[in-house]
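Peer 1: I'd like to ask some things about the structure below.
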Amino acid sequence: MKAIIVSLLLITSLQTMAQKEMSAEQSAAITKEMKAFQAQNLSQRKENAKKIYDLKAEMLKESYENQLKMFSDIETLANQIVPGKRQENKAIREKMKKIRKEFKENSKNKRKAFREDKIKPLKLQAKEDRKKRRQEFKAKMKQYRKKK
């Protein structure tokens, strides 16, 4: 959202500056630079979104496989329940409960680790790259102002 606002402010300020203070050639050059900057930003955002999507899809597939494994383990235990053996059945139900609880905790920890280890660094790197490109773009615009 912040990048969109900055882009809009750059567009309006650059167009106003180009209309008031600069020649047609400089105005065209600024417009060309601005459009190239916007196109580059868009392509970078799409690439980052694709990377994040691929990572999340991989994680979701892994989570699904783990869930199926847990279901098969519980089904195996459920098939061991025999009517009339209360103590043994109670122990089996406790094992099933323990498996569910462990799965829930492991899933939670894996999701948290995934966000912290893979997604967050990727997003931070993308943010730093956008900031660097924005600063480079501002430096180019200052050069145009000096050329007046």
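Peer 1: Out of (1) under 20 Å from the mean Cα position of the chain (by Cα); (2) loosely packed, with under 13 Cβ neighbours inside 10 Å; (3) polar (S, T, N, Q), what's the single condition that is false for Asn41?
Peer 2: Failing condition for Asn41: (2).
Peer 1: Hey, another quick one. Do any residues in segment 21-37 that are closer than 11 Å to Lys140 by Cβ have Cβ atoms under 9 Å from those of residues that are among the aliphatic types (A, V, I, L, M) and modelled with pLDDT of 80 or more, where the two are at least six apart or on different chains, and which pairs are they?
Peer 2: These pairs meet every condition: Ile30/Met141; Glu33/Met141; Met34/Met141.
Peer 1: Can you find, within segment 96-148, the residue that is farthest from Asn48 (Cα to Cα) among those that are surrounded by 14 or more Cβ atoms within 10 Å (Cβ to Cβ) and among the small types (Gly, Ala, Ser)?
Peer 2: Ranking the candidates gives Ser107 first.
Peer 1: Of the numbered conditions (1) in a helix (DSSP H, G or I); (2) modelled with pLDDT under 95, Ser72 fails exactly one; give the number of that condition.
Peer 2: With respect to (1) in a helix (DSSP H, G or I); (2) modelled with pLDDT under 95, Ser72 is out only on (2).
The values are calculated or read from the model by the stated rules, or taken from the named source; none is laboratory data. Predicted, not measured: the structure shown is a model, and the values here were computed from it. All Cβ positions, even for glycine, are placed from backbone atoms using ideal geometry, and neighbour counts span all protein chains on display.
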